[in-house]
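Structure first, then comments.
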Amino acid sequence: MNDSIKIEFKQSTVENLQLFSEMLKKDINTMLEEALEQYFDNEQKRLMEKNINDESAMTNLDFDEFWDDVDLD
């Protein structure tokens, strides 16, 4: 498997990476890793919330509507 990925940034992004690297005294690779971890966490939360909302949409009956025709005798 080829683990290399070609990544291209806009010039303004490169400039910001260099600027923040100097200001924060952090390696650019570290900043990119941190940013991607935060992105993945946020997207995972968003997808989980979407799945919960999708499941809730399938059960939109209230309690009385759900149990209305059930005979428990």
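The values are calculated or read from the model by the stated rules, or taken from the named source; none is laboratory data. Keep in mind that this is a model prediction, so the values were computed, not measured. As a convention, Cβ positions derive from the backbone with ideal geometry for all residues, glycine included, and neighbour counts pool all protein chains shown. These area figures cover heavy atoms from the full protein model, side chains too; ligands, DNA and RNA do not enter into them. Shrake-Rupley method; radii C 1.70, N 1.55, O 1.52, S 1.80 Å.
A few comments on the model shown:
- Every pair of residues 6+ apart whose Cβ atoms lie under 9 Å, when the first sits in region 32-47 and is open to solvent by less than 100 Å² (accessible area, probe 1.4 Å) while the second is at pLDDT below 95 and not basic (K, R): L32/I7
- Every residue from region 1-24 that is exposed (fewer than 10 other Cβ atoms within 10 Å of the Cβ) and among the hydroxyl-bearing types (S, T, Y): S4, S12
One line per residue, one yes/no per condition, for (1) at pLDDT below 95; (2) at positive phi:
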| site | (1), (2) |
| --- | --- |
| I5 | yes, no |
| E8 | no, no |
| E15 | no, no |
| F20 | no, no |
| K25 | no, yes |
| T30 | no, no |
| R46 | yes, no |
